[in-house]
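This report refers to the structure that appears directly beneath it.
The values are calculated or read from the model by the stated rules, or taken from the named source; none is laboratory data. Since we're looking at a predicted model, the values are computed, not measured. Note that we place each Cβ from the backbone using ideal geometry, even for glycine, and neighbour counts take in every protein chain shown.
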Amino acid sequence: MSLNVDSLRKSIAVLHRSLEVAEAHKDNEDLKDTLRSGVIQNFEVAYEQCWKMMKRWLEMNISSTTADGVTRRELFRLIAENRMIDDVEQWMRYHEARNQTSHIYEPEVAENVYAVTHGFARDGLRFLQALETRND
């Protein structure tokens, strides 16, 4: 049985598109905060989709209990061991950025999270591609 990755595919595509729009309008101070907020929201959705798909993939392909009660670091380690992601520490940075999104009222925090979204968009797409390749 294959995982349905449509929601992940869509969330990654929306994140990429929002980054393109934000970059195209980066000199427009009137739009900057609004576009950055949209990118951050799309990052949140895509990140959540990624780790949930990681957990489901492990449950379906390794063991139904492999991901039970594991920390996020352990989840990323297990996925890396299965060659689905390259860098556990980088994914932990994405996790930390996701946790910061609840404190976005501080402009410097928002800017830091926004900066992380570029790398995540690339790595999230790589994870999606690995998942699609090994989704059997």
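Some observations on this one:
- Phe120 within 14 Å of the chain's Cα centre (by Cα), more than 19 Å from Leu19 (Cα to Cα) and of a type in the set (Phe, Trp, Tyr): no
- Checking Ile12 against (1) at pLDDT below 95; (2) closer than 23 Å to Glu96 by Cα; (3) buried (at least 16 other Cβ atoms within 10 Å of the Cβ); (4) not small (Gly, Ala, Ser), the condition it does not meet: (1)
- If you go through the range 67-102 and keep only what is more than 16 Å from the chain's Cα centre (by Cα) and either surrounded by 16 or more Cβ atoms within 10 Å (Cβ to Cβ) or not hydroxyl-bearing (Ser, Thr, Tyr) (or both), you end up with Ala67, Asp68, Gly69, Val70, Glu74, Leu78, Glu81, Asn82, Arg83.
- Cross-chain or 6+ apart pairs with Cβ under 7 Å, the range 16-42 first and touching a residue at least 12 places away in the same chain (Cβ under 8 Å), then surrounded by fewer than 19 Cβ atoms within 10 Å (Cβ to Cβ) and in a helix (DSSP H, G or I): Ser18/Gly38; Leu19/His118; Leu35/Val21; Ile40/Thr101; Asn42/Val14
- Complete set of residues in the range 23-36 that are surrounded by fewer than 16 Cβ atoms within 10 Å (Cβ to Cβ) and not basic (Lys, Arg): Glu23, Ala24, His25, Asp27, Asn28, Glu29, Asp30, Leu31, Asp33, Thr34
- Failed criterion for Arg83 (all others in (1) farther than 17 Å from Arg9 by Cα; (2) part of a helix (DSSP H, G or I) hold): (2)
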